[in-house]
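The values are calculated or read from the model by the stated rules, or taken from the named source; none is laboratory data. None of the values given here were measured: they were computed from a predicted structure. Neighbour counts are summed over all protein chains in view; Cβ atoms, including those assigned to glycine, are modelled from backbone coordinates with ideal geometry.
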Amino acid sequence: MVLSKKRIVILGAGYAGIFLATNISRSLNENIGEVLLVDKNPYHQLLQEIHLVAAGFRTVNEVKIPILTLIEGMNIKFIQSTVKQIRPDKNLVVLELSEISYDILIICLGASTKYFNVRGAIENSLPLRSIVDASLIYDKVSALIESNNKHDIVIVGGGATGVSLGGALSDLIRESKKTNSIYITLIEALPTILSGWDERLVKKVSEVLNEKGIRVMTSTAVTKVENGSNSINVSSHRSNIPSSLTIWTAGVKGYDIKITPEVEKTPDGRIIVNEFCQIDRYPNVFSIGDISAVKHENGKLYPPLAQIAIREAKYLSKIIPKHFLNSSDFVKGLLNEKFEYSIKVQLISLGNDDYVGLYNHYIISGNLAKLVEEFAKSTYIKSIKKSGDAKDTILYEDNLVSQVLSGITFARFTFMKWLKKDR
């Protein structure tokens with residue numbers, strides 16, 4: 001039996017939200033349901049490339065795509081507004097100037113910077129979580145380059161963002177011929193950078209950072225960031241480091257959104273969901289991406305990575321339409337297709353043209369790693385613009401057929417790139 005027209009509301013147009021909206025709209029006839037996408041910005045940000053904006057190797061327009069362009073011709077209504085509150089008990093979302101009701105809600109509001117209560121960190125350092133942040137960092141670094149004085153740039157946080165930023169800024173400084181006057185230090189509280197990544201990949205990345213002249217300090221917890229008369233002092237239990245510019249990439253926490261009644265969250269503010277990406281108390285409310293805490297079968301939480309957000313979005317774009325006509329599936333908890341995904345590719349940018357990665361258990365670098373990165377970006381954008389066309393989204397499936405097709409498609413992509421270059 002076909003029920004009345006339902007409304008799916010998606011909060012956030014990051015990797016999870018935009019991928020979900022475009023893919024799920026393909027499965028919904030306008031007479032059955034409508035998709036409302038809400039974001040405070042009119043554009044989608046390619047956050048995996050904002051470190052290149054911070055180093056001047058990408059323009060702002062190259063890493064942001066107008067949302068209306070991405071959803072043109074689709075069964076999606078875009079609302080540009082800031083989300084103020086979620087009322088799951090009333091199936092209601094409160095925006096700046098209005099309220100919207102929903103039948104199904106997916107929260108994909110992303111993450112914000114986590115400062116770990118370090119004194120002075122918020123006041124005396126710059127975060128890197130948006131295009132605006134990246135532009136500000138570029139302006140600050142450019143000013144240091146033009147000053148003709150000696151400077152230290154300190155990056156706090158040795159995760160993927162900090163490591164990528166360090167590599168990109170090193171390239172900028174080298175091109176500016178200021179390697180003897182501007183120095184980069186990368187500080188990580190844990191015993192290793194890129195904690196949780198493949199050890200072979202971490203070793204290779206560490207070698208590249210060393211070649212680029214970046215000083216890496218591990219097992220060094222920052223205790224204070226103090227703004228003195230001439231420079232910033234970054235204090236740790238080991239030493240005090242003078243800094244002309246401190247950039248904070250040490251961690252992320254779930255986007256701070258008011259949910260009433262309150263739902264269970266992790267200590268870092270991520271919304272705890274079950275194996276179906278649902279909030280247990282409200283089975284018609286889902287959460288994916290960096291704001292959600294989804295457990296892997298080993299009991300650990302999936303890391304806040306773009307590839308995980310996209311896989312979660314792909315998962316929901318299948319199960320929501322499948323159970324959409326029978327609302328009791330959500331109410332009674334009859335879903336049985338759990339979210340599962342094993343990370344098979346790890347890839348990191350280390351500068352303007354440098355990539356290192358792990359692909360099919362092999363360490364890759366140079367042109368091959370760059371091609372894999374370009375392929376991933378091309379496939380992602382194509383899948384969005386084609387409204388989840390099956391032959392594109394199958395690359396995001398976690399099965400043998402998908403892996404084989406991914407290999408074939410990547411080979412074709414590489415061949416076409418070679419043809420264009422040869423011409």
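Here are a few things to note about the model shown:
- Screening the stretch 145-201 for residues that are part of a loop (DSSP other than H, G, I, E, B) and of a type in the set (Gly, Ala, Ser) and picking the one that is nearest to Val216 (Cα to Cα) gives Gly158.
- Within the stretch 142-160, being buried (at least 24 other Cβ atoms within 10 Å of the Cβ) and either touching a Leu at 6+ places or on another chain (Cβ under 6 Å) or among the aliphatic types (A, V, I, L, M) (or both) holds for Ile153, Val154, Ile155, Val156, Gly158.
- Among the residues of the stretch 222-262, those that are surrounded by fewer than 16 Cβ atoms within 10 Å (Cβ to Cβ) and part of a loop (DSSP other than H, G, I, E, B) comprise Gly228, Ser229, Asn230, His237, Arg238, Ser239, Asp256, Thr260, Pro261, Glu262.
- Check on Leu36, in contact with a strand residue (DSSP E or B) (Cβ under 8 Å, 6 or more places away or on another chain), within 19 Å of His323 (Cα to Cα) and in a loop (DSSP other than H, G, I, E, B): no
- Inspection of the stretch 18-28 identifies no residue that is over 14 Å from Ser317 (Cα atoms) and either touching a helix residue (DSSP H, G or I) at 6+ places or on another chain (Cβ under 9 Å) or not in a strand (DSSP E or B) (or both).
- Restricting attention to the stretch 33-52, the residues that are closer than 21 Å to Leu92 by Cα, in contact (Cβ under 8 Å) with a residue 60 or more places away in the chain and out of contact with any helix residue (DSSP H, G or I) (no Cβ under 7 Å at 6 or more places or on another chain) add up to 2.
- Inside the stretch 281-298, residues that are of a type outside the set (A, V, I, L, M, F, W, C) and over 13 Å from Ser342 (Cα atoms) make up a count of 8.
- Any hit, the stretch 115-127, residues being crowded, with 19+ Cβ neighbours inside 10 Å and more than 30 Å from Val163 (Cα to Cα): no
- Within the span defined as the stretch 318-328, one or more residues are among the charged types (D, E, K, R) and at pLDDT 65 or above.
- When Val273 is tested against (1) buried (at least 19 other Cβ atoms within 10 Å of the Cβ); (2) touching a residue at least 40 places away in the same chain (Cβ under 8 Å), exactly one condition is not met: (2).
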